[in-house]
Each structure stands twice: as C-alpha cells, then as structure tokens.
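Okay, so here's the structure we're looking at.
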Ligand SMILES: [Zn+2]
C-alpha cells in the first residue's frame with residue numbers, strides 16, 4: 001500500500017525524503033518515509049523533540065539515510081529533527097516562538113501555538129498510523145545524564161508489555177516505567193501505540209560512539225518488531241528502575257549539585273543546593289527515594305521550575 005503522511009508519499013519499495021508541513025503553519029520538518037517491499041508493522045521514529053539533544057537527532061539523520069526499502073518489512077517514518085525551530089535556535093527544553101516544551105504539549109492543538117501544532121501533527125499524522133513509536137532524546141544542553149529509556153505504563157497490558165520488552169533491547173542499562181501523559185510516548189501509549197523515549201548523551205555534546213550506540217539499539221528494536229530481518233538480542237545488563245522522581249528548582253539562583261549522573265543515592269541524602277548571588281544557601285534538595293541519579297542540571301544558572309535532578 002502507498003504510504004501517505006501529510007504532503008509526503010512513498011510507493012511500495014520507495015524511499016521519500018522531504019519536508020513534512022506542520023499543520024496551520026509555515027514550519028516544515030525533515031522527514032523520511034521508507035515503504036518496505038514486504039508487509040509488516042509501521043514504525044515512527046522522531047529525533048529532536050528537544051532541539052539541543054544531538055545524539056538522537058544525528059542517529060535519526062543517519063538511520064534515515066542508511067535504511068533501505070529492500071530490507072524493510074513494513075514502513076518506517078523518521079523525523080530528523082522534529083523540533084526544527086528549537087534546533088535552529090539552539091534552545092534547551094522549549095521552542096523559540098512560544099517558550100513551550102514540546103514534550104509537555106501532547107496531544108497538541110491544531111489552532112494553538114507552534115509547539116502545540118507540532119504535537120498535533122505528530123499525534124494525528126504519525127501516532128495515528130504507527131504500530132510502534134521511538135522518541136530519541138539525549139541529555140539537553142545543561143543536563144549531565146546517565147543513559148536510560150522510559151516506557152509508558154498508560155497503555156493496555158499488551159501495549160505496556162511490548163513497550164517494556166522493546167525498551168530493554170536498546171542496549172541501555174536503565175529502563176523505567178512512566179505514567180506521564182503529556183509527553184509524546186505517553187500520549188501514543190494512551191492511544192494504543194507502544195513505544196518509548198530514549199536518552200543517550202549530555203550537555204549539548206554528541207559523538208559518533210553515542211550515535212553508533214543509538215543506531216545499534218534502534219536496529220535491534222526494529223528486528224524485535226520484525227521490520228528488519230534477524231534476531232534481536234539482549235545488549236548488556238538491563239535494570240528496571242520501576243519509577244523516576246524528578247526535582248525542580250523552587251527558587252532562582254545558582255545551582256550546586258552534590259552528585260553526578262550514574263551515582264547511587266539514598267532517600268533523604270542531600271543532592272544539591274541553590275545559593276543566591278552572594279553565595280548564601282537559599283534552598284537544599286534531598287533525594288526523594290533510594291536510587292540512581294539519571295540526570296542533574298550542569299548549569300550554574302537555575303530558574304524556578306527548571307529540572308535539577310532525576311532519580312530512578
Ligand atoms: Zn529531551
């Protein structure tokens with residue numbers, strides 16, 4: 001069957017690379033449709049939900065270039081990157097037109113702001129036809145991060161099972177269930193589409209090693225989904241963290257972390273503090289659970305509501 005996504009289309013056995021129009025806007029995002037020669041599942045992959053998370057974006061660009069219809073059973077749609085305005089503006093978390101975080105705006109709004117229109121386009125043109133969804137992130141511009149994968153617990157038992165199994169095949173040590181519903185993968189799961197959000201990389205940097213790790217994980221999951229030929233395999237140790245607790249800043253000021261990504265912490269242990277511009281401590285933060293630090297803000301500058309730490 002011909003694959004049609006908005007203004008783009010690909011016949012069976014064809015790969016189409018072009019720009020997908022975001023509804024009711026002049027924003028266009030680079031998108032690759034790969035319509036496989038055999039029947040199978042439809043997989044949607046987005047890189048760059050956040051504009052400053054480069055390993056996922058570069059992995060999506062390379063996968064879009066390298067995957068070929070002759071090797072595919074089913075269909076693969078890759079957006080690389082999704083949040084072009086945020087990418088070009090070199091912004092962390094938010095888009096430049098409305099200051100909104102795309103991963104908090106699902107399912108989106110056709111008549112809303114630019115970020116809400118991007119979310120709406122993903123929900124209605126991509127999630128709507130997907131059998132599986134992968135959202136490739138990376139530590140943002142000011143995030144020091146230990147790689148992890150989050151899968152949604154908001155789907156049916158079957159959707160959640162597939163999401164968790166696939167997450168465990170990304171070659172990333174820590175996986176974690178989530179009940180957040182305004183992010184892309186959670187919104188998809190609520191609509192019956194299994195998938196996950198992966199995180200590799202940190203602090204606005206990227207390397208070929210991280211991109212290679214990302215691509216190997218995605219290809220392993222595509223084998224699990226039988227979209228690519230071959231057997232998927234466990235890549236390294238996997239630890240299921242059960243839940244993730246994030247702490248946000250409660251005051252503006254300067255952030256001093258006591259911990260590094262990947263470090264184990266105990267409930268009640270101080271993980272950092274915020275001082276004013278005169279060096280006086282104005283707020284202290286402790287770990288809400290026993291666990292491992294998944295990310296911590298690496299910036300000295302911190303604003304109210306900024307994420308400062310996540311513990312899994
Ligand atoms: Zn992100």
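The values are calculated or read from the model by the stated rules, or taken from the named source; none is laboratory data. Keep in mind that this is a model prediction, so the values were computed, not measured. When we count neighbours, we look across all protein chains shown, and the Cβ atoms used for this are built from the backbone with ideal geometry, even at glycine.
Does residue 9 satisfy the condition of being touching a helix residue (DSSP H, G or I) at 6+ places or on another chain (Cβ under 6 Å) and not in a loop (DSSP other than H, G, I, E, B)? It is false that residue 9 is touching a helix residue (DSSP H, G or I) at 6+ places or on another chain (Cβ under 6 Å) and not in a loop (DSSP other than H, G, I, E, B).
Scanning region 24-53 for residues that are buried (at least 19 other Cβ atoms within 10 Å of the Cβ) and more than 18 Å from residue 66 (Cα to Cα) returns 27, 29, 48, 49, 50, 51, 52, 53. For region 135-150, the criterion of being within 15 Å of the chain's Cα centre (by Cα), crowded, with 24+ Cβ neighbours inside 10 Å, within 24 Å of residue 59 (Cβ to Cβ) and away from the ligand (no atom under 13 Å from the Cβ) is met by no residue.
Residue-by-condition table, conditions (1) crowded, with 17+ Cβ neighbours inside 10 Å; (2) farther than 15 Å from residue 174 by Cβ; (3) outside the structural domain of residue 78 (by TED's automatic domain parsing):
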{"residue": "223", "(1), (2), (3)": "no, yes, no"}
{"residue": "278", "(1), (2), (3)": "no, yes, yes"}
{"residue": "292", "(1), (2), (3)": "yes, no, yes"}
{"residue": "298", "(1), (2), (3)": "yes, yes, yes"}
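Go over the candidates 248, 160, 191, 258 one by one and state the one that is surrounded by fewer than 19 Cβ atoms within 10 Å (Cβ to Cβ) and within 16 Å of the ligand (Cβ to nearest atom).
From the options 248, 160, 191, 258, the qualifying one is 248.
Quick check, is residue 184 within 16 Å of the ligand (Cβ to nearest atom), crowded, with 16+ Cβ neighbours inside 10 Å, in the same structural domain as residue 40 (by TED's automatic domain parsing) and on the phi < 0 side of the Ramachandran plot? Yes: the conditions hold for residue 184.
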